[in-house]
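Below is one structure, written out as structure tokens, with a few remarks after it.
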Amino acid sequence: MSEEMPLMSHLDELRKRLIISSVAWLAGFLGCYSVAEKLFKYISQPVYNALPSGSSLVFIQATEPFFTYLKVAAVAGLLLALPIILWQIWGFVAPGLYRNEKRFAIPFVLMSCLCFGLGTYFGFFFVFPTIFTFLITFGTGTGEINAMLSMGSYLSLSTRLLLAFGLVFELPIIIFFLARMGVVDYKWLAAKRKMAILLAFVIGAVLTPPDVFSQASIAVPFIILYEIGILVARLFGKKKAPEEEGEA
């Protein structure tokens, strides 16, 4: 490992990394704001396809469209800036790693972006259509209730779900680096499998609408990716010395 840095140096380094990440996010936000309306129209397609004929999204307050487009630009800007933000995270933790572990910098950024993108892709194209079709059909099943969803509420729900899917798909990457640093190993992960399954459904219940399918759409990928993480930890985890194995 590199030499230990004093506390003030760590704080200065953290401040520099946060400033770079914030500037990258701001640049992405400004770049996306001009097309925020088109972006919102695109991400609202799943709910439009699920709405009955003649229905559409509405806004309840006069300022709702303005703030909705601001939030769309902020989220899109964050996604654009994600590689830079991840690079800054790596740059902050890299001094505490061994030299042979620092070679994972570029794979870490690339794989993290790829996994996050796969998670949002899976959620948007495979889960969203089913979730919103089920919820809207259930709500309007009697024919006496009209669906009038607001722009702000839809954006809040869809953003929360997309971020949840993106973060869940980061699980193998997180396990990989924890295993490389020796924080966890595949035996420990396998022993905690039941707890991980419980945690998966708790996360699904917290982040999704209160229906079984929505909760399972988060929980099932979490469980599958956890199992992949166990395999990753077994193949790439830090090898223990023989005496450590004996103590374990």
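Might you let me know whether the stretch 20-30 holds any residue that is at pLDDT 90 or above, at negative phi and not in a helix (DSSP H, G or I)? No: zero hits.
Within the stretch 163-184, residues that are at negative phi and crowded, with 18+ Cβ neighbours inside 10 Å reach partners that are part of a loop (DSSP other than H, G, I, E, B) and among the small types (Gly, Ala, Ser) with beta carbons closer than 6 Å, at six or more positions or on different chains, in the pairs Ala179/Gly237. Yes or no: the stretch 107-117 includes at least one residue that is farther than 29 Å from Ser153 by Cα, touching a Phe, Trp or Tyr at 6+ places or on another chain (Cβ under 9 Å) and not β-branched (Val, Ile, Thr). Taking every residue of the stretch 107-117 in turn, at least one turns out to be farther than 29 Å from Ser153 by Cα, touching a Phe, Trp or Tyr at 6+ places or on another chain (Cβ under 9 Å) and not β-branched (Val, Ile, Thr).
Filtering the stretch 128-146 to residues that are in contact with a Gly (Cβ under 8 Å, 6 or more places away or on another chain) and at pLDDT 85 or above leaves nothing. Out of Gly166, Gly117, Gly152, Gly123, one residue alone is touching an Asp or Glu at 6+ places or on another chain (Cβ under 6 Å) and within 21 Å of Tyr42 (Cβ to Cβ). It is Gly152.
The values are calculated or read from the model by the stated rules, or taken from the named source; none is laboratory data. On a predicted model such as this, the values are computed, not experimentally measured, just so you know. As a convention, Cβ positions derive from the backbone with ideal geometry for all residues, glycine included, and neighbour counts pool all protein chains shown.
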